[in-house]
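Reviewing the structure listed below.
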Amino acid sequence: MTTLLRRLGSGQEEPETAGMYLFLAAVLHAFGVVNPPLVELPGWLWFPVLLLGLGAVLLRRRWLLPAVLAMASAGLGLLALGSVAGYFMAFEAVFSVFLLGGTRLRRMSFAVMCLVSLVAAVLAWETTQAEQQVVLSLFLTGFILFTPMLWAQNVRTAQELAASQAGRSAALAAAAEERADRLTAEH
């Protein structure tokens, strides 16, 4: 059980991650935890849209950018349909970029996330003229977009540190073996 929780917590095992999102979305929908839909479409349509997003999760290591775009599109579609599973897809799209993406993609994504946060704040101001709504908008977009970024960066840092430590250990073992061979040859 601990191993499963560790694998789920790292977010690196695509089948477990997709399964967890599917389970959570099904539970939330079963209990009626949904948003008001932005479009009037059949209520069951969230399920195939979620499956498309989860399929992208499974393919993110092979085709990162198309998978991230598919996850983001599925997230927006789910939110438009009133499904809170859209937040899962948005989270996973950002997490995937910052866990698996190169430096340039991460920088561009960070700029887009900042822009999205600012646009949301401006829209909140334009529609309500209330400072509280602007702050709430910034908080929500920040939470939804920047939390997975930070989580992915922590996982990435841990991986890099582990690889570095493994490299050092291997170098020390090789040096010790070389010294032992040299001492044996001298003896």
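Since every read-out is calculated from the coordinates, none of them should be taken as a lab result. All values reported here derive from a predicted model rather than from experimental measurement. Glycine also receives a Cβ, built like all others from the backbone with ideal geometry; neighbour counts cover every protein chain displayed.
Assorted remarks:
- Test: residue in the range 67-82 that is among the small types (G, A, S), closer than 20 Å to Q153 by Cα and touching a Lys or Arg at 6+ places or on another chain (Cβ under 8 Å): yes
- Conditions (1) without any contact (Cβ under 8 Å) to a residue 24 or more places away in the chain; (2) surrounded by 16 or more Cβ atoms within 10 Å (Cβ to Cβ); (3) under 16 Å from the mean Cα position of the chain (by Cα); number of the one not met by P148: (1)
- Condition met for G82 (on the phi < 0 side of the Ramachandran plot, surrounded by 14 or more Cβ atoms within 10 Å (Cβ to Cβ) and either small (G, A, S) or in contact (Cβ under 8 Å) with a residue 24 or more places away in the chain (or both)): no
- Residues considered: L99, L172. Of these, the only one that is touching a residue at least 60 places away in the same chain (Cβ under 8 Å) and more than 30 Å from E40 (Cα to Cα) is L99.
- Filter result (surrounded by 14 or more Cβ atoms within 10 Å (Cβ to Cβ) and more than 26 Å from the chain's Cα centre (by Cα)) within the range 120-132: W125
- Residues located in the range 36-69, provided they are surrounded by 21 or more Cβ atoms within 10 Å (Cβ to Cβ), within 20 Å of S96 (Cβ to Cβ) and not β-branched (V, I, T): L50, G53, L54, A56, R60, A67
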